[in-house]
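> Here it is, the structure, as structure tokens.
The values are calculated or read from the model by the stated rules, or taken from the named source; none is laboratory data. Since this is a predicted model, take the numbers as computed values, not measurements. Using ideal geometry, Cβ is built from the backbone for each residue, glycine included, and neighbour counts are taken over all protein chains shown. These area figures cover heavy atoms from the full protein model, side chains too; ligands, DNA and RNA do not enter into them. Shrake-Rupley method; radii C 1.70, N 1.55, O 1.52, S 1.80 Å.
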Amino acid sequence: MKILIKNAQIVNEGKIIKSDILIENDLISKIDSQISEDADQIIDAEGKYLLPGVIDDQVHFREPGLTHKGDIESESRSAVAGGTTSFIEQPNTVPNAVTQELLADKYDIASQKSFANYGFMMGGTNDNLEEVLKTNPRNVPGIKLFLGSSTGNMLVDNPETLENIFSNTKMLIAVHCEDEATIRANTQKYLDEYGEDIPVKFHHLIRSEEACYKSSSKAVELAKKTGARLHVFHLSTAKEMELFRNDIPLKDKKITAEVCVHHLTFTNEDYDTKGGLIKWNPAVKTQKDKDALWEALLDDRIDVIATDHAPHTWEEKQNVYTKCPSGAPLVQHSLVVMLENYKNGKISLERIVEKMAHNPAILFRIEKRGFIKEGYKADLVLVDLNENWTVEKENILYKCGWSPLEGMSFQSKVTHTFVNGNLVYENGKINEQKFGERLLFEIQE
């Protein structure tokens, strides 16, 4: 199968060049200013931009065990519609993926159901070190530790266990950092005042800057002490930015940082209108925090943009504060949100591609993905930067059927998505054949 894309503005490795690109089977076989070979399909991309497919390093697709909220099929379908061609999913499904057998079960499901390429994190607990150390770094992206309890019962709070995991694995350790004792004390204070129905506008004071910094600074300290590879998920505060550096290339960093689209988009001021729909852990915080995250993203203290895509049903999100689960669906809209920031002059196209495709590939050492290069997998997305549309119920593909962005308008649209050389999404239509593959990772000693 050959697909020829002509006249595309290719955004790759800090440059934008007008070029043709030839896809043969699952690979990019040729990039040239003028390709005139015969092809099974020719797509004229005049006026459009061709980006490497987004690699989202943090999603919760809810399968197994929570499939009333989302599943691998529904959420990967929404991913490719939004230009995300690869995802790394977290272990707090039901049951938690904390044994090799349970992890293998998730891979089996994805091999049959995923529209996008997939990797699944191995989950660490206070007592599964032996299982964690059996994980194969060739085909599993890393170990996930919840240093604050979020969704699911996976809190790792035993200092000895943590030191053991950090000291004994060469694999990347990804962490959710919020200090449990701080959060419990803050929660109790508001419960005493308001009972169960705490106004959601206090969420960022309950899951506070102090709770985040206390936990992330400890994780960074432990990584420095043990030499572990540490990746800190969904940073949300200005204070935490001092923990990360930008004076060495990403490939040489042992301690790396991620920011999520929602922390770059919303602030605590939005709780008044959005309520529980924008209740995340860690919480969306202040304008000052949001500004600091943007600054750190642009000066390379933050390496990756992701979503922490975490669907819940509409009904669940209408509950009182203490029963309203944290998390929201974002994977269909992350790229267009960032393209909107490009349109508004906050970030360049080249930097969006760097933070959403190149850097996840470098950081996780993903084999042959994340770049538009000859010989690489043809995971690609075509975008029209001049097509206005609005997020509405009718165009939301998440199984939960809602989005915190509903009613928001965007000036850019994903028109085509390719996964492993296959056109999986075109102008609103999904190819129902599934071409997702298991991600592989380069092992470096």
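> Just one of (1) assigned to a loop (DSSP other than H, G, I, E, B); (2) of a type in the set (Val, Ile, Thr); (3) open to solvent by 10 Å² or more (accessible area, probe 1.4 Å) trips up Val140, so point out which.
(3)
> Here's something else I'd like to know. Taking the stretch 377-400 as the search range and keeping residues that are of a type in the set (Lys, Arg) and outside any helix (DSSP H, G or I), which one is least open to solvent (accessible area, probe 1.4 Å)? First the steps, then the outcome.
Narrowing the stretch 377-400 to residues of a type in the set (Lys, Arg): 377, 393, 399.
Now restrict to residues that are outside any helix (DSSP H, G or I): 377, 399.
Details: Lys377: 39, Lys399: 96 Å².
So the residue we want is Lys377.
> With the structure loaded, tell me whether Leu297 is buried (at least 22 other Cβ atoms within 10 Å of the Cβ), in a helix (DSSP H, G or I), without any contact (Cβ under 8 Å) to a residue 60 or more places away in the chain and not basic (Lys, Arg) or whether it fails that test. Walk me through how you get there before you give the answer.
Numbers: buried (at least 22 other Cβ atoms within 10 Å of the Cβ): yes; in a helix (DSSP H, G or I): yes; without any contact (Cβ under 8 Å) to a residue 60 or more places away in the chain: yes; not basic (Lys, Arg): yes.
It is true that Leu297 is buried (at least 22 other Cβ atoms within 10 Å of the Cβ), in a helix (DSSP H, G or I), without any contact (Cβ under 8 Å) to a residue 60 or more places away in the chain and not basic (Lys, Arg).
> Hey, does the stretch 66-86 have a residue that's in a strand (DSSP E or B) and of a type outside the set (S, T, N, Q)?
At the first step, the residues of the stretch 66-86 found to be in a strand (DSSP E or B) are 84-86.
In the following step, the residues that additionally are of a type outside the set (S, T, N, Q) were identified as none.
No: zero hits.
> While we're here: Take the conditions in a helix (DSSP H, G or I) and either in contact with a Leu (Cβ under 8 Å, 6 or more places away or on another chain) or farther than 29 Å from Leu349 by Cα (or both) and apply them to Asp272. Does it pass? Outline the logic, then answer.
Details: in a helix (DSSP H, G or I): yes; either in contact with a Leu (Cβ under 8 Å, 6 or more places away or on another chain) or farther than 29 Å from Leu349 by Cα (or both): yes.
Yes.
> If I go through the stretch 404-441 residue by residue, how many of them are over 13 Å from Ser114 (Cα atoms), open to solvent by 10 Å² or more (accessible area, probe 1.4 Å), part of a loop (DSSP other than H, G, I, E, B) and of a type outside the set (D, E, K, R)?
Going through the stretch 404-441 one residue at a time, the tally reaches 6.
> For the stretch 85-101, check the following and say yes or no: at least one residue is under 20 Å from Pro360 (Cα atoms), touching a Ser or Thr at 6+ places or on another chain (Cβ under 9 Å), open to solvent by 10 Å² or more (accessible area, probe 1.4 Å) and in contact (Cβ under 8 Å) with a residue 12 or more places away in the chain.
No, the stretch 85-101 contains no residue that is under 20 Å from Pro360 (Cα atoms), touching a Ser or Thr at 6+ places or on another chain (Cβ under 9 Å), open to solvent by 10 Å² or more (accessible area, probe 1.4 Å) and in contact (Cβ under 8 Å) with a residue 12 or more places away in the chain.
> Moving to a separate point now. Among the residues of the stretch 175-217, write down those that are touching a Pro at 6+ places or on another chain (Cβ under 9 Å) and either open to solvent by 40 Å² or more (accessible area, probe 1.4 Å) or within 18 Å of Asp308 (Cβ to Cβ) (or both).
His176, Cys177, Glu178, His204, Arg207, Ala211, Cys212 - these are the residues of the stretch 175-217 that are touching a Pro at 6+ places or on another chain (Cβ under 9 Å) and either open to solvent by 40 Å² or more (accessible area, probe 1.4 Å) or within 18 Å of Asp308 (Cβ to Cβ) (or both).
> Let me ask you something else. Quick one: would you say Lys251 is closer than 19 Å to Asn158 by Cα, assigned to a helix (DSSP H, G or I) and open to solvent by 10 Å² or more (accessible area, probe 1.4 Å)?
Values: closer than 19 Å to Asn158 by Cα: no; assigned to a helix (DSSP H, G or I): yes; open to solvent by 10 Å² or more (accessible area, probe 1.4 Å): yes.
So Lys251 fails the test.
> When the stretch 213-266 is examined, which residues are found to be basic (Lys, Arg) and over 27 Å from Thr161 (Cβ atoms)? Before you say what the answer is, go through the steps one by one.
First, the residues of the stretch 213-266 that are basic (Lys, Arg): 214, 218, 224-225, 229, 239, 245, 251, 253-254.
Within the stretch 213-266, Arg245, Lys251 meet the criteria.
Let's see how each residue does on (1) in a helix (DSSP H, G or I); (2) crowded, with 23+ Cβ neighbours inside 10 Å; (3) without any contact (Cβ under 8 Å) to a residue 12 or more places away in the chain:
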{"position": "Leu330", "(1), (2), (3)": "no, yes, no"}
{"position": "Asn341", "(1), (2), (3)": "yes, no, no"}
{"position": "Val353", "(1), (2), (3)": "yes, yes, no"}
{"position": "Arg369", "(1), (2), (3)": "no, yes, no"}
{"position": "Gly375", "(1), (2), (3)": "no, no, no"}
{"position": "Trp402", "(1), (2), (3)": "no, no, no"}
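> List pairs: first in the stretch 157-173 and touching a residue at least 24 places away in the same chain (Cβ under 8 Å), second of a type in the set (A, V, I, L, M) and surrounded by fewer than 18 Cβ atoms within 10 Å (Cβ to Cβ), Cβ under 7 Å, 6+ apart or cross-chain?
Hits for this filter: Thr161/Leu129; Asn164/Leu129; Ile165/Leu129; Asn168/Leu133; Thr169/Leu133.
> Report whether or not Ala219 is in a strand (DSSP E or B) and within 20 Å of Asp157 (Cβ to Cβ).
Answer is no for this residue.
> Within the stretch 102-112, track down each residue that is within 19 Å of the chain's Cα centre (by Cα) and either surrounded by fewer than 18 Cβ atoms within 10 Å (Cβ to Cβ) or over 15 Å from Asn136 (Cβ atoms) (or both).
Residues satisfying the conditions are Tyr107, Ala110.
> Need pairs with beta-carbon distance below 8 Å; first residue over 22 Å from Asp57 (Cα atoms) and within the stretch 222-248, second among the polar types (S, T, N, Q); sequence gap 6+ or separate chains.
What qualifies is Thr226/Ser167.
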